[in-house]
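The values are calculated or read from the model by the stated rules, or taken from the named source; none is laboratory data. Model, not experiment: these values are computed from the prediction. Glycine gets a Cβ as well: all are built from the backbone with ideal geometry, and neighbour counts include every protein chain shown. These accessible areas exclude ligands, DNA and RNA; they are computed on the full protein's heavy atoms, side chains included. Shrake-Rupley method; radii C 1.70, N 1.55, O 1.52, S 1.80 Å.
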Amino acid sequence: ATWVATDSFSEDSGKAGFIAFDEAAYKAMASDRKRTPQFAKAIQRRLAGSEGQLTVLDIGTGPYALLAILAAKAGAKKVYAVECVPEAARRAEQFVAKAVKNGDVKEGQIEILTGFSTEISLPEKVDVVVAEIIGTIASEEGAIATVRDAQQRLVKNPGDAASWIPYSVQTIAAPASYSAHSLLGPPEFDWAKLDGVPVRLNCREEAVQLMAEPQVLEDVRFNDLSLPEKGDLRTPKVDFEISADRLAANQQLFYKEIPSDGTADMGAVSQSVARGLSGMALWPRIQLDEAGTLFVESRGPNGEAAKSHWTTAMVIMADRPVQVAPGDKVTVGATVSLTPGITSPPKYALEARLDRRSPLAAAAADDRVMHVV
């Protein structure tokens, strides 16, 4: 499966070359109880004991300048808050002015800069960068290009983990069954027309169920000075073993959730859906500190459905679901194609190899090692 980061987003995102947000998305981010309070803790811990001494750069401050105001309230000497969308930057200035009027921050403590962080200049290098520029696929909002530029031009000690909030961003992955993929097919719906573009689903959506334990597919550490500026970044291949316990639990859930017309054998239907490998589910996890004490989880720790402003990207990797059994192995590798410019979105290629290892599958003539691409 191959796609560009801006695929499956609005037409505005495609034209701009980066993922753009509407008001509803901004509000969802700000009110995400798993995201904002954790960032606040990380900022407060980093600035504690250094009040009035450290400068902060907030990349992608948004219309509320939320993290910039949090940094200022936590004791930052100066906060440079960068926002590339002019209207969002204008509103951020209004929120900062309101915070000054309310006595929450000092006059001049926060400076709003309009433009991409890769295009602006600062009067000084900063001590700490706060950058919540994480997509459903961790790097899809331009995190690698943005961080690489900041390392080179904007940060005093770019190799120091204490210079970055977050410390790292990860894309978590697992083989998954997607009930709509099993229940809808030609001629009513042709999944091949997606042409590799992921289906974006609410993280609470139980139509997607994992078939193996989740693992890290992509890991971007912001203090890694070897982050590439361009070219292909290949992730290490990851092996997933299809879990009997997960298949059984998924079958029970689908049995309850899939509507019945009264004629179908719902036991057989739910089993087929539960064992139907649709492709790979992808979602982000954020590690805020090097010690690993503060995380933002978009799904549950074990990949379970959970409320989040982020989505789950369901990458459909076969026209119809491929039946699997406990013990089968899925090996996955990803390639991220990068360009230097922030307005040239990353391109993704995902390949999954299915190795049938269950005794029944091995005994069947048609069940050989196969590729699902």
Scanning the stretch 282-307 for residues that are within 29 Å of Q323 (Cα to Cα), among the hydrophobic types (A, V, I, L, M, F, W, C) and in contact with a Lys or Arg (Cβ under 9 Å, 6 or more places away or on another chain), which turns out surrounded by the fewest Cβ atoms within 10 Å (Cβ to Cβ)?
A306
Across (1) free of Cβ contacts under 8 Å to residues at least 40 places away in the same chain; (2) closer than 18 Å to V216 by Cβ; (3) of a type in the set (A, V, I, L, M), A268 clears everything bar (2)
Output the residue which, of all residues in the stretch 110-119 that are open to solvent by 20 Å² or more (accessible area, probe 1.4 Å) and assigned to a loop (DSSP other than H, G, I, E, B), is nearest to D160 (Cα to Cα).
T118
Looking for something among the aromatic types (F, W, Y), open to solvent by less than 60 Å² (accessible area, probe 1.4 Å), part of a helix (DSSP H, G or I) and modelled with pLDDT of 90 or more - is there at least one such residue anywhere in the stretch 31-45?
yes
Filter result (of a type in the set (D, E) and open to solvent by 20 Å² or more (accessible area, probe 1.4 Å)) within the stretch 133-159
E141, D149
Positions within the stretch 147-167 being touching a strand residue (DSSP E or B) at 6+ places or on another chain (Cβ under 6 Å), farther than 20 Å from G75 by Cβ and not hydrophobic (A, V, I, L, M, F, W, C), in sequence order
Y167
Could you go through the stretch 317-326 and let me know if any residue there is surrounded by fewer than 16 Cβ atoms within 10 Å (Cβ to Cβ), in contact with a helix residue (DSSP H, G or I) (Cβ under 6 Å, 6 or more places away or on another chain) and either over 30 Å from V85 (Cβ atoms) or of a type in the set (A, V, I, L, M) (or both).
yes
Output the residues belonging to the stretch 92-108 that are assigned to a loop (DSSP other than H, G, I, E, B) and open to solvent by 20 Å² or more (accessible area, probe 1.4 Å).
N102, G103, D104, K106, E107, G108
Do we find that G49 is crowded, with 21+ Cβ neighbours inside 10 Å and on the phi > 0 side of the Ramachandran plot in this structure?
no
When you scan the stretch 1-19, how many residues do you find that are at pLDDT 75 or above and either part of a loop (DSSP other than H, G, I, E, B) or over 18 Å from A313 (Cα atoms) (or both)?
4
In the stretch 52-82, residues that are open to solvent by 20 Å² or more (accessible area, probe 1.4 Å) and closer than 20 Å to G135 by Cα total 3
Can you tell me how many residues in the stretch 164-201 are of a type outside the set (D, E, K, R) and open to solvent by 70 Å² or more (accessible area, probe 1.4 Å)?
5
So the strands (runs of 3 or more DSSP E) completely within the stretch 261-373 holding 3 or more residues that are hydrophobic (A, V, I, L, M, F, W, C) and at pLDDT 95 or above are 279-287, 311-316, 329-338, 347-355
Does T136 fit the bill of being assigned to a loop (DSSP other than H, G, I, E, B) and within 27 Å of C203 (Cα to Cα)?
yes
Which residue out of E229, E218 is of a type in the set (D, E) and open to solvent by less than 30 Å² (accessible area, probe 1.4 Å)?
E218
Out of A131, A143, A176, A180, I need the residue that is out of contact with any His (no Cβ under 7 Å at 6 or more places or on another chain) and more than 26 Å from T335 (Cβ to Cβ). Which one?
A180
